[in-house]
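Participant: Sharing a structure with you now.
The values are calculated or read from the model by the stated rules, or taken from the named source; none is laboratory data. Every value quoted in this text rests on a predicted model; they were computed, and no experiment measured them. Cβ coordinates were reconstructed from backbone atoms using ideal geometry, including for glycine residues, and neighbour counts include every protein chain displayed.
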Amino acid sequence: MYPIRSLELQVLVPVPLHEVEGLGEVRLLNLSMNFSKIRAWIKRIGDIPWIRFILSVYGNYNDHNGPLLAAGLAFFLLLALVPLLLLAIGGLGYYLSETGSTGNAAQTVQYWLSGHVLPGVSNRVADALIARVDVPGKMAKITHFRGLSGIVGIVGLVWAAMQIFVTGSVAMNAAWAVRETRNWFRLRLVALWLLIGTGALMGLSIGATTAGTLWERYVPSIAVTVGTELAALVPAFVMYALIYRTLPSAKVSVRAATFGALIASVLWEVAKKGLAVYLVHPNPSVYGGLVSIFALLLWLYYSMMILLIGAEASAAFAARFEREPAD
């Protein structure tokens, strides 16, 4: 025999309207009490000294138009890639001229087209593309105009890179709440000095990260990992400390510049590590080229955000912990 389930009859009983309104008021009161508890919990977290310091730095970054200034700095950094490409073309022209390998350029392009750029394409299609682009003629022009490309590339690269520091001085002065007191010529000299110093340090930092990432694939060990991180972190730390000490129009102490450099260098190492991993493991999908462009733009913007956040942290450190004027 099978058990017979009892039927539950639901009877709708009319409820007075004032009781329904009272029930709604109780629910609203409970909801308000829950929000009050959440606000109190958030307030207790915000009262933690280092949390309050982080929030003040981020608030100052937004109040001083940090996102907009970071976008402007990222634009000049992206603009510097154009003369850098011209400089690379000039170097390629000198290489082709010295080695006399201009005639083998078509075969090299065919190899890269069929093996890497367009995998699976036939040699006939690759030859048609090479003929349409006129690769031998383009290589001859690169060899002929190698000197001009190199000169324009160097001048353009120096100009674009100096604009990064000139525009960055506006953000640095906003962080320190000072006005620019240096004249046009002196500010460009400071930018040129920072370009030379930070360029060498940045090259060391990026090279150490890339080499360490590749080395870890073949010799995985804790010592290699720690050595790689330190070798990349030290040049970045010195680079940011030099910028925060020199670029603002204010008198910045060594302690304040060191504090901002420590924060910025750690954040930039995270960004650099992600870029190095992406370069070692490229995206093989059809949209790999578009993804690479988006990743480059995002990395440039994030790098400039780190630069400005470190400046805000340096100024906030001086305002909070340095009661006397900077040395």
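Participant: For the range 168-217, which residues satisfy the criterion of being polar (S, T, N, Q), under 17 Å from the mean Cα position of the chain (by Cα) and farther than 19 Å from residue 154 by Cα? Show your work before the answer.
Facilitator: Our first condition is that a residue be polar (S, T, N, Q); within the range 168-217, this holds for 169, 173, 181, 183, 198, 205, 209-210, 213.
Okay, now just the ones that are also under 17 Å from the mean Cα position of the chain (by Cα), so 198, 205, 209-210.
Selection gives 205, 209, 210.
Participant: From (1) at pLDDT below 90; (2) of a type in the set (S, T, N, Q); (3) under 27 Å from residue 67 (Cβ atoms), pick out the condition that doesn't hold for residue 285.
Facilitator: In the conditions (1) at pLDDT below 90; (2) of a type in the set (S, T, N, Q); (3) under 27 Å from residue 67 (Cβ atoms), residue 285 misses (3) alone.
Participant: Looking for something touching a Gly at 6+ places or on another chain (Cβ under 8 Å), buried (at least 18 other Cβ atoms within 10 Å of the Cβ) and modelled with pLDDT of 90 or more - is there at least one such residue anywhere in the range 134-153?
Facilitator: no
Participant: So is residue 198 at pLDDT below 90, touching a Lys or Arg at 6+ places or on another chain (Cβ under 6 Å) and not charged (D, E, K, R) or not?
Facilitator: Numbers: at pLDDT below 90: yes; touching a Lys or Arg at 6+ places or on another chain (Cβ under 6 Å): no; not charged (D, E, K, R): yes.
No.
Participant: Test residue 315 against the stated conditions and say whether it is farther than 23 Å from residue 246 by Cβ, touching a Phe, Trp or Tyr at 6+ places or on another chain (Cβ under 9 Å), assigned to a helix (DSSP H, G or I) and modelled with pLDDT of 75 or more. Break it down stepwise before answering.
Facilitator: Working: farther than 23 Å from residue 246 by Cβ: no; touching a Phe, Trp or Tyr at 6+ places or on another chain (Cβ under 9 Å): yes; assigned to a helix (DSSP H, G or I): yes; modelled with pLDDT of 75 or more: yes.
No, not satisfied.
Participant: Name the residue that is modelled with the lowest pLDDT, counting only residues in the range 63-78 that are surrounded by fewer than 17 Cβ atoms within 10 Å (Cβ to Cβ) and part of a helix (DSSP H, G or I). Walk me through how you get there before you give the answer.
Facilitator: First, the residues of the range 63-78 that are surrounded by fewer than 17 Cβ atoms within 10 Å (Cβ to Cβ): 63, 65, 67-68, 71, 78.
Next cut, part of a helix (DSSP H, G or I) only: 63, 67-68, 71, 78.
Values: 63: 92, 67: 92, 68: 91, 71: 92, 78: 88.
By that ranking, first place goes to 78.
Participant: Looking at the range 213-249, which of the residues that are touching a residue at least 60 places away in the same chain (Cβ under 8 Å) and surrounded by 19 or more Cβ atoms within 10 Å (Cβ to Cβ) is nearest to residue 174 (Cα to Cα)? Explain how you work it out, then say what you get.
Facilitator: Initially, the range 213-249 is screened for residues touching a residue at least 60 places away in the same chain (Cβ under 8 Å), giving 213-214, 217, 240, 243-244, 247-249.
Then drop every residue that is not surrounded by 19 or more Cβ atoms within 10 Å (Cβ to Cβ), which leaves 213, 240, 243-244, 247-248.
On the way: 213: 37, 240: 17, 243: 15, 244: 13, 247: 12, 248: 9 Å.
Of everything passing the filter in the range 213-249, 248 is nearest to residue 174 (Cα to Cα).
Participant: Got a sec? Which of 221, 249 is more than 21 Å from residue 179 (Cα to Cα) and hydroxyl-bearing (Ser, Thr, Tyr)? Before you say what the answer is, go through the steps one by one.
Facilitator: Values: 249 fails: more than 21 Å from residue 179 (Cα to Cα).
Answer to the check: 221.
Participant: Additional query: What is the one condition in (1) in contact with a Pro (Cβ under 8 Å, 6 or more places away or on another chain); (2) farther than 30 Å from residue 65 by Cα; (3) not in a helix (DSSP H, G or I) that residue 178 does not satisfy?
Facilitator: (2)
Participant: Answer yes if at least one residue in the range 181-197 is in a loop (DSSP other than H, G, I, E, B) and under 20 Å from residue 311 (Cα atoms), and no otherwise.
Facilitator: Filtering the range 181-197 down to residues in a loop (DSSP other than H, G, I, E, B) leaves 181-183.
Within this subset, residues satisfying the condition of being under 20 Å from residue 311 (Cα atoms) are 181-182.
Among the residues of the range 181-197, at least one is in a loop (DSSP other than H, G, I, E, B) and under 20 Å from residue 311 (Cα atoms), which makes the answer yes.
Participant: Could you tell me which numbered condition residue 266 fails, if it satisfies all but one of (1) surrounded by fewer than 20 Cβ atoms within 10 Å (Cβ to Cβ); (2) under 28 Å from residue 294 (Cα atoms); (3) in contact (Cβ under 8 Å) with a residue 40 or more places away in the chain?
Facilitator: If we test residue 266 against (1) surrounded by fewer than 20 Cβ atoms within 10 Å (Cβ to Cβ); (2) under 28 Å from residue 294 (Cα atoms); (3) in contact (Cβ under 8 Å) with a residue 40 or more places away in the chain, just (3) comes out false.
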